[in-house]
Amino acid sequence: MKVFDQLLSIRKSKGAAYLVLIDPDKQDVAHAIKLAQTCEGAGVDALLVGGSLLLANVFDETIKSIKENCSLPLIIFPGSTLQVSKYADAILFLSVISGRNPESLIGGHVIAAPLIKSVNLETISTGYMFIDSGTVTSALFMSDTRAIPREKPDIAAAHALAAQYMGMQCVYLEGGSGAKYSVPKQVIQAVASYTEMPIICGGGIRTPDEAREKVMAGANFIVTGTIIERDSNPALIRAFADAVHMNE
Ligand code: 1GP
């Protein structure tokens, strides 16, 4: 089964899916493997791997090592066209639709598409939307775009509907890694009620209660990165998974 279909099936059975982001820059390979294994044992549904920058040349090695030691689906969450690996299961084919930068709307995709085809990676076409999170995060800065105002749910909903009409598979409502404020529930509710798009939501989610609030508002896939980097206690990861899995 394709990875995206697996995620949709988890959404159906558990109510929503919990994804943990592993940034190869934030720990060495041995720690990345350990974190992935802890996630697998604590109810996480899939891993995202990627980052806004690559400070060391360990992207491929990190993904290969995780795949050799952990059976969770591994999806690349690329910060640039350099982040393609044959060892992953799928890649979020992100178009930064909240911005108007042609490079992040189509330019990078033309560079990456032949590489992705050559390694036979599943692509998950994703309308990637920055929602203002009270700070300029690395991802927002690197994309050279701007965020949708957090008090304008109607603008977010219109962007998501455009992504749906363009045939994208999902939208990612992104506060940015380490966001001061996570995506407001009003924005999630507006997108969920106005479109039929599966919704990924991440950025600045720090507690299981906050994760549950996003699911209640209509998010289908919850992503956390920073909080688990800081504290990879299995009990905390399990608490996030339980909060996200509303049907269990
Ligand atoms: C960033 O949504 C992810 O793209 C995760 O954000 O690191 O703030 O959890 P955090």
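The values are calculated or read from the model by the stated rules, or taken from the named source; none is laboratory data. In this text the structure is predicted, and so the values were computed from the model without any measurement. Positions of Cβ are backbone-derived with ideal geometry, glycine not excepted, and every protein chain shown enters the neighbour counts. The accessibility values were calculated without ligands, DNA or RNA, using every heavy atom of the protein model including side chains. Shrake-Rupley method; radii C 1.70, N 1.55, O 1.52, S 1.80 Å.
Taking the range 158-206 as the region of interest, how many residues are part of a loop (DSSP other than H, G, I, E, B) and within 22 Å of SER232 (Cα to Cα)?
12
Return the pair list, or none, for Cβ contacts closer than 9 Å from residues in the range 101-119 that are more than 16 Å from MET129 (Cβ to Cβ) and in contact (Cβ under 8 Å) with a residue 40 or more places away in the chain to residues that are in a helix (DSSP H, G or I) and of a type outside the set (Phe, Trp, Tyr), at least 6 apart or on different chains.
Sorted first by the residue in the range 101-119, then by its partner, the pairs are GLU103/SER143.
What number goes with the only condition from (1) modelled with pLDDT of 95 or more; (2) over 17 Å from THR224 (Cβ atoms) that ALA56 does not pass?
Every condition holds for ALA56 apart from (1).
Tally up the residues in the range 131-146 that are crowded, with 22+ Cβ neighbours inside 10 Å and in a loop (DSSP other than H, G, I, E, B), please.
The number of residues fulfilling the criteria is 3.
Report the residue count in the range 134-157 for those that are of a type in the set (S, T, N, Q) and over 16 Å from the mean Cα position of the chain (by Cα). Before you say what the answer is, go through the steps one by one.
Taking the range 134-157 as the starting set, the residues that turn out to be of a type in the set (S, T, N, Q) are 135, 137-138, 143, 145.
Imposing the further condition that a residue be over 16 Å from the mean Cα position of the chain (by Cα) reduces the set to 135, 145.
Counting residues in the range 134-157 that are of a type in the set (S, T, N, Q) and over 16 Å from the mean Cα position of the chain (by Cα) gives 2.
Filtering the range 158-190 down to residues that are within 13 Å of the ligand (Cβ to nearest atom) and surrounded by fewer than 21 Cβ atoms within 10 Å (Cβ to Cβ), which residue is nearest to the chain's Cα centre (by Cα)?
GLY178
Just give me the residues in the range 204-248 being in contact with a Gly (Cβ under 6 Å, 6 or more places away or on another chain), under 17 Å from LEU21 (Cβ atoms) and surrounded by fewer than 20 Cβ atoms within 10 Å (Cβ to Cβ), in sequence order.
Matches in the range 204-248: THR226 only.
Taking the range 143-186 on its own, how many of its residues are aromatic (Phe, Trp, Tyr) and at pLDDT below 95?
Total meeting the criteria: 0.
Kindly indicate the residue of the range 85-122 that is out of contact with any Ser or Thr (no Cβ under 8 Å at 6 or more places or on another chain) and closer than 20 Å to LEU161 by Cα and also least open to solvent (accessible area, probe 1.4 Å) among those meeting that condition.
ILE97
Residue check: is ILE124 part of a helix (DSSP H, G or I) and among the aliphatic types (A, V, I, L, M)? Even if it seems obvious, please write down each step before you answer.
On the way: part of a helix (DSSP H, G or I): no; among the aliphatic types (A, V, I, L, M): yes.
Spelling it out, it is not the case that ILE124 is part of a helix (DSSP H, G or I) and among the aliphatic types (A, V, I, L, M).
Residue-by-condition table, conditions (1) within 13 Å of the ligand (Cβ to nearest atom); (2) in contact with a Cys (Cβ under 8 Å, 6 or more places away or on another chain); (3) closer than 21 Å to GLN6 by Cα:
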position	(1), (2), (3)
ALA192	no, no, yes
ILE199	yes, yes, yes
GLY203	yes, no, no
GLU213	no, no, no
GLY218	no, no, yes
ILE227	yes, no, no
ASP231	yes, no, no
LEU236	yes, no, no
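Among (1) of a type outside the set (Val, Ile, Thr); (2) closer than 24 Å to THR137 by Cβ; (3) at pLDDT 95 or above, which single condition is GLU40 missing?
(2)
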